[in-house]
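The values are calculated or read from the model by the stated rules, or taken from the named source; none is laboratory data. As the structure is a computational prediction, the values presented were derived from the model and not from experiment. Note: ideal-geometry Cβ built from the backbone for every residue, glycine included; neighbour counts use all protein chains shown. Each accessible area value is taken on the protein alone, full model and side chains, heavy atoms only, with ligands, DNA and RNA left out. Shrake-Rupley method; radii C 1.70, N 1.55, O 1.52, S 1.80 Å.
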Amino acid sequence: MTETSKPIVAERPPYRPLFWRKLQDRLVQGFSVLALALAVGVMVWILATILLRGSEALSWDFLTTLSAPHGFKGGIGNALVGTLCITLFAAVIAVPPAICAGIWLAEFGKKSRLADALRFSANVMMGMPSIVVGLFVYMILVVPMGANSGLAGSVALAILMFPVVMRTTEDMLMMVPDTLRESGLALGLTRCRVTLQIICRAARNGMVTGVLLAVARVSGETAPLLFTAQFAKTWPTGFFTGPTANIPVLINDYGMSNFEDLQTAGWGASLVIAALVLSINVIARVVFRDKKD
């Protein structure tokens with residue numbers, strides 16, 4: 001050690017009495033518990049209200065018959081089938097390219113400028129209001145076709161699903177240890193085979209969970225469907241050429257109605273869509289959770 005050099009001594013943090021440290025800890029814990037109780041309480045309140053109001057309309061006929069105007073006994077059968085068609089077709093459109101994009105981001109283009117641009121664009125799309133997506137699809141698809149359709153609704157929902165599935169896929173693949181990649185390459189496998197047969201298999205539970213959560217997210221979207229699919233009081237036979245019944249738009253229309261029977265049907269439809277979304281989330285969390293030995 002030279003004469004000019006001085007030993008580096010870490011500065012001691014300022015002393016705080018034990019009382020104030022415990023008080024701060026108790027305050028943080030109290031605010032955390034209060035925030036948790038508030039969030040859970042509001043969720044339970046909403047679910048309980050939907051259950052109490054919607055159970056009045058729930059029956060087998062309600063789930064299987066066509067919707068009907070005021071004064072006639074109807075159900076949500078056509079809206080339920082239309083919602084399933086629109087959501088499933090949206091998944092068919094969005095999931096394959098989103099998974100491919102996530103694989104490319106995680107395995108091949110990690111630090112490229114194009115990858116950074118895709119990640120930034122996906123983050124922007126995830127925060128974009130869904131009504132903007134509905135208006136966009138209305139301009140590029142509904143106006144040229146000259147009619148609303150279930151296909152247009154599926155395209156709008158697919159746009160909302162794409163960034164969620166892509167980023168989830170990338171995150172799940174990035175969590176796979178590099179030792180698996182190195183082991184596959186050491187055995188003489190190509191980079192493509194290592195990615196598809198080893199890395200994707202190791203992350204498949206997380207990838208499937210991301211897809212299910214994306215489906216649950218868009219299944220209750222109303223704003224895009226108001227511009228694209230709209231509503232029809234018939235079975236969705238004209239899915240590609242005409243308006244298609246769906247539960248979110250039915251709830252919107254019935255909820256703003258002045259007739260009590262339509263409002264009751266709207267509560268019943270709300271209970272059905274809430275049960276579907278809750279079921280998908282529970283399946284994603286339970287069935288595909290990581291199993292510990």
Checklist outcome for this item: In whole percent, the Cα-Cα distances of region 172-290 spread across 10 Å bins from 0 upward as 12, 27, 22, 17, 13, 7, 2, 0
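May I ask you to derive the FRET efficiency for F108 and L18 from their Cβ-Cβ distance with R0 = 51 Å, giving the value to the nearest 0.05? Walk me through the numbers before you get to the answer.
Working: r = 54 Å, r/R0 = 1.06.
Plugging the Cβ-Cβ distance into 1/(1 + (r/R0)^6) gives 0.40.
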Checklist entry - Could you give the dipole magnitude of the chain about its Cα centre, charging the beta-carbon of Lys and Arg +1 and that of Asp and Glu -1, in debye to the nearest 20? => result 960
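Enter the accessible area per residue of the chain (Å², integer; probe 1.4 Å; all protein chains in place). Show your work: numbers first, answer last.
On the way: 17950 Å² over 293 residues.
Per-residue accessible area for the chain comes out at 61 Å².
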Item to check | Kyte-Doolittle mean at least -1.0, axial Cα span of 30 Å or more - DSSP H helices of the chain | outcome: 18-54, 77-103, 150-174, 260-286
Checklist outcome for this item: Here the alpha-carbon Rg of region 192-260 over 2.2 N^0.38 Å rounds to 1.70
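What Kirkwood radius, in Å to one decimal, follows from the Cα pairs of region 109-214? Can you show the working numbers first?
On the way: mean 1/r = 0.0622 Å⁻¹.
The answer is 16.1 Å.
Using only DSSP helix segments of four residues or longer, with each worth -39500 (n - 2.57), what per-residue ellipticity at 222 nm results for the chain after dividing by its residue count and rounding to 500?
Values: 12 runs with 185 residues, N = 293.
My calculation for the chain gives -21000 deg cm²/dmol from helical runs alone.
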Checklist entry - Out of every Cα-Cα pair in the chain, what percent are more than 35 Å apart? => result 39
Item to check | DSSP loop trypsin sites (Lys or Arg not before Pro) with at most 16 other Cβ within 10 Å: longest gap in the chain | outcome: 112-232
Item to check | Value in Å of the Kirkwood radius, where region 44-90 supplies the Cα pairs that are averaged | outcome: 12.1
Checklist entry - Dividing the convex hull volume of the alpha carbon atoms of region 161-211 by its residue count, what do you get in Å³ per residue? => result 61
Checklist outcome for this item: A correct Karplus calculation of ³J(HN,Hα) over region 232-241, with 6.51 cos²θ - 1.76 cosθ + 1.60, θ = phi - 60°, whole Hz and x for Gly and Pro, returns 8, 8, 10, 5, x, 7, x, 4, 8, 10
Checklist entry - For the chain, what % of the accessible area comes from carbon and sulfur atoms, probe 1.4 Å? => result 68
